[in-house]
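Here's the structure, in structure tokens; my notes come after.
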Amino acid sequence: MRQSTHLEKRPQTDWRVTLDAFLPVSLRAMVNLLSKADAARVTEIRVRAEQPAMIMAGKERVDRLDHIHSGRWIPTGDDVKQFAQTLLGHSMYARAEELRGGYVTLPGGHRAGLCGRVVLEDGKAHHMQDFSSVALRIARPVPGCADKIMPLITDGGRPLNTLIFSAPGCGKTTMLRDIARQHAHAGLQVGIVDERSEIAACRQGVPQMDVGPSTDVLDACLKAEGMILMLRVFSPDVLITDEIGRAMDAEAIDEASRCGAAVVVSAHAGSMEELMQRPVTGVLLRQRSLERYVQLGPAGQVLKAWNGTFGVIYQVSAASRVLSGSDDPTPSPTLMPEFDPV
Amino acid sequence: MNMMRLAFAGAAAGGCALMGMGMARRLVRREEAIAAWSRLLDGLAAQLSYVDDPLPDVLSRLTVSDAPGDARLSSVIEEAVDNMCRDRTLSFSDALDTERAFADMDASDAATLLPLVRELGTTARPQQTARLDSARASLASMAARAADMTARQKRLYVSLGLLGGLALFICLVG
């Protein structure tokens with residue numbers, strides 16, 4: 001497997017440049033007050049009606065309101081509605097389907113979550129109006145974050161059926177995106193079934209994230225249906241999808257591996273035991289459909305990896321975790337049968 | 001002196017006749033403007049029923065017929081689309097030069113269309129469709145009234161202008 005190089009990575013544009021056209025004048029002024037270092041840390045911007053706008057880096061506010069009071073922006077209800085309409089491209093009818101998922105994708109893969117009054121139809125959320133708050137989430141792709149995982153999920157360049165799991169917020173989606181990019185750069189045909197538009201962050205069908213030169217994306221499509229469709233139409237070498245959880249997902253994964261495509265999927269689970277207890281992943285584990293299981297820790301660190309027969313092939317040493325917060329890239333030389341779900 | 005009187009009377013009479021024809025022309029232009037808006041909204045409703053493209057894309061795709069009112073309206077719409085593309089914070093109503101868009105219409109026509117202009121793109125599809133349908137229905141009745149008014153009053157204004165001009169000429173010369 002060829003390792004990613006700097007030249008292969010799509011150049012990243014500063015989020016301030018990408019989003020500039022969407023921001024109201026007052027918010028733009030606040031954003032422009034940020035230092036370069038702070039701007040690089042920003043994770044989201046929160047705008048609520050009649051409340052001061054906040055620029056966040058994780059849990060920390062970086063908008064310097066304590067220092068520069070003139071930069072304080074307290075939007076009115078109309079300001080928030082207008083901002084929301086701008087994010088929707090003044091074409092709400094066209095983004096209603098996306099909005100039903102709670103957010104819309106912006107250029108650069110950034111996403112805007114909107115809150116307002118939900119209008120129900122037949123007891124289901126149909127659309128939203130009277131927007132009262134906006135959460136602008138800054139997308140920050142991490143090209144190369146899958147460098148350490150690639151040797152574990154390939155065998156002499158052949159992609160292996162892999163399940164990546166972790167607790168929420170550990171970077172499974174970011175990892176899947178970089179796996180897709182690296183497989184695509186290695187000359188494989190990659191198919192992504194992106195039910196929630198999170199992996200490739202498609203906007204009007206075009207991936208906003210770098211997912212590689214030979215990657216096809218089926219956007220906003222149900223995973224199981226999408227996987228079958230992708231197999232039938234594009235015959236990918238690697239099929240990637242996020243957060244499996246329905247019974248039909250397991251069937252589709254089984255079908256894909258029978259068709260010769262390697263499947264790389266992710267699931268929420270804090271441990272292998274939890275994975276086993278979940279209905280869908282439990283079935284996959286019992287069927288032994290997969291060849292690799294990889295557990296991620298905080299910030300996308302690879303904690304542990306198992307082969308298809310649940311022998312541990314890699315485990316981060318406690319010492320390296322304490323000392324550097326990063327994992328030891330050398331896979332464990334011996335297979336340690338540790339977990340048998342059967 | 002007589003020649004000057006004749007010339008002045010001729011100019012005044014011509015002016016009077018032109019005024020009559022101008023008033024008739026305004027009726028025709030209003031009818032054309034209503035028809036142009038009607039065709040625009042028909043096209044928009046048809047597009048919105050099956051496409052999910054952003055409003056500027058939809059508007060720029062609408063075909064323009066050879067009808068006289070269409071060229072005037074489409075240039076205003078094109079300008080609004082350009083404004084929306086240049087400044088993403090502008091809504092359709094902010095981007096549209098309403099004075100030019102409703103230039104040939106009377107105040108009540110503009111008042112009928114303004115709610116639609118303000119709401120275009122800002123609501124979900126069912127509301128957009130309902131608003132469009134309501135505006136199209138209003139335009140249909142406005143178009144019928146305008147056609148009726150044109151048929152009745154166009155000749156009247158032209159005749160009044162010509163007769164007034166003639167009367168003025170006779171008064172000034174006689």
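Scanning the stretch A:267-308 for residues that are in a loop (DSSP other than H, G, I, E, B), within 21 Å of the chain's Cα centre (by Cα) and polar (S, T, N, Q) returns A:SER271, A:GLN301. If you check A:LEU99 against the conditions, is it within 13 Å of chain B (Cβ to nearest Cβ), under 25 Å from A:LEU27 (Cβ atoms) and part of a helix (DSSP H, G or I)? For A:LEU99, the condition - within 13 Å of chain B (Cβ to nearest Cβ), under 25 Å from A:LEU27 (Cβ atoms) and part of a helix (DSSP H, G or I) - is met. Within the set B:ARG88, B:ARG131, B:ARG118, the sole residue that is in a loop (DSSP other than H, G, I, E, B), within 14 Å of chain A (Cβ to nearest Cβ) and open to solvent by 60 Å² or more (accessible area, probe 1.4 Å) turns out to be B:ARG88. I'm checking my understanding of the structure. Among residues of the stretch B:55-83 that are within 14 Å of another protein chain (Cβ to nearest Cβ) and at pLDDT below 90, which one is surrounded by the fewest Cβ atoms within 10 Å (Cβ to Cβ)? Among them, the one singled out is B:ARG61. Here is the figure for the stretch A:160-174: residues that are buried (at least 17 other Cβ atoms within 10 Å of the Cβ) and within 21 Å of A:ARG41 (Cβ to Cβ) total 4. When the criteria are applied in full, A:LEU136 fails the requirement of being more than 18 Å from the chain's Cα centre (by Cα), part of a strand (DSSP E or B) and either in contact (Cβ under 8 Å) with a residue 40 or more places away in the chain or within 14 Å of chain B (Cβ to nearest Cβ) (or both). Right, A:VAL118: among the β-branched types (Val, Ile, Thr), within 13 Å of chain B (Cβ to nearest Cβ) and out of contact with any helix residue (DSSP H, G or I) (no Cβ under 9 Å at 6 or more places or on another chain) or not? The answer is yes for A:VAL118.
Of all the residues in the stretch B:2-29, those that are open to solvent by 100 Å² or more (accessible area, probe 1.4 Å) and within 29 Å of the chain's Cα centre (by Cα) number 4. Filtering the stretch B:36-53 to residues that are open to solvent by 30 Å² or more (accessible area, probe 1.4 Å) and either touching a residue at least 60 places away in the same chain (Cβ under 8 Å) or not in a helix (DSSP H, G or I) (or both) leaves B:ASP42, B:SER49, B:TYR50, B:ASP52, B:ASP53. Go through the stretch A:175-187 and count every residue that is open to solvent by 10 Å² or more (accessible area, probe 1.4 Å) and touching a helix residue (DSSP H, G or I) at 6+ places or on another chain (Cβ under 9 Å). Qualifying residue count, the stretch A:175-187: 1.
Residues in the stretch A:50-61: is at least one at pLDDT 90 or above and within 14 Å of chain B (Cβ to nearest Cβ)? No, the stretch A:50-61 contains no residue that is at pLDDT 90 or above and within 14 Å of chain B (Cβ to nearest Cβ). I'd like to know if the stretch B:94-115 contains one or more residues that are within 14 Å of chain A (Cβ to nearest Cβ), surrounded by fewer than 19 Cβ atoms within 10 Å (Cβ to Cβ) and not in a helix (DSSP H, G or I). Among the residues of the stretch B:94-115, not one is within 14 Å of chain A (Cβ to nearest Cβ), surrounded by fewer than 19 Cβ atoms within 10 Å (Cβ to Cβ) and not in a helix (DSSP H, G or I), which makes the answer no. Scanning the stretch A:218-227 for residues that are crowded, with 19+ Cβ neighbours inside 10 Å and over 14 Å from the mean Cα position of the chain (by Cα) yields A:LEU218, A:LYS223, A:ALA224, A:GLY226, A:MET227.
Across the stretch A:200-211, the number of residues qualifying as touching a strand residue (DSSP E or B) at 6+ places or on another chain (Cβ under 8 Å), more than 14 Å from every other protein chain (Cβ to nearest Cβ) and open to solvent by 20 Å² or more (accessible area, probe 1.4 Å) comes to 2.
Conditions (1) open to solvent by less than 40 Å² (accessible area, probe 1.4 Å); (2) more than 30 Å from B:ARG86 (Cα to Cα); (3) at pLDDT 95 or above; (4) of a type in the set (Asp, Glu), marked per residue:
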| position | (1), (2), (3), (4) |
| --- | --- |
| A:GLY102 | yes, no, no, no |
| A:CYS115 | no, no, no, no |
| A:ARG140 | no, no, no, no |
| A:ARG158 | no, yes, no, no |
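Restricting attention to the stretch A:1-17, the residues that are modelled with pLDDT under 90, surrounded by 17 or more Cβ atoms within 10 Å (Cβ to Cβ) and part of a helix (DSSP H, G or I) add up to 1. Inspection of the stretch B:136-157 identifies no residue that is within 13 Å of another protein chain (Cβ to nearest Cβ), in contact (Cβ under 8 Å) with a residue 24 or more places away in the chain, in a helix (DSSP H, G or I) and not basic (Lys, Arg).
To keep it simple, each residue is scored yes or no on (1) within 14 Å of chain B (Cβ to nearest Cβ); (2) closer than 27 Å to A:ARG137 by Cα; (3) in contact (Cβ under 8 Å) with a residue 24 or more places away in the chain.
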site	(1), (2), (3)
A:GLU198	no, yes, yes
A:THR215	no, yes, yes
A:VAL233	no, no, no
A:ARG246	no, no, yes
A:GLU255	no, no, yes
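Select from the stretch A:165-207 the residues that are within 13 Å of the chain's Cα centre (by Cα), among the polar types (S, T, N, Q) and part of a helix (DSSP H, G or I) and list them in ascending order. Result: A:THR173, A:THR174.
The values are calculated or read from the model by the stated rules, or taken from the named source; none is laboratory data. Computed from a prediction, not measured in an experiment: that's the story for all the values here. Note: ideal-geometry Cβ built from the backbone for every residue, glycine included; neighbour counts use all protein chains shown. Areas reflect the complete protein model, heavy atoms only, side chains present, ligands, DNA and RNA absent. Shrake-Rupley method; radii C 1.70, N 1.55, O 1.52, S 1.80 Å.
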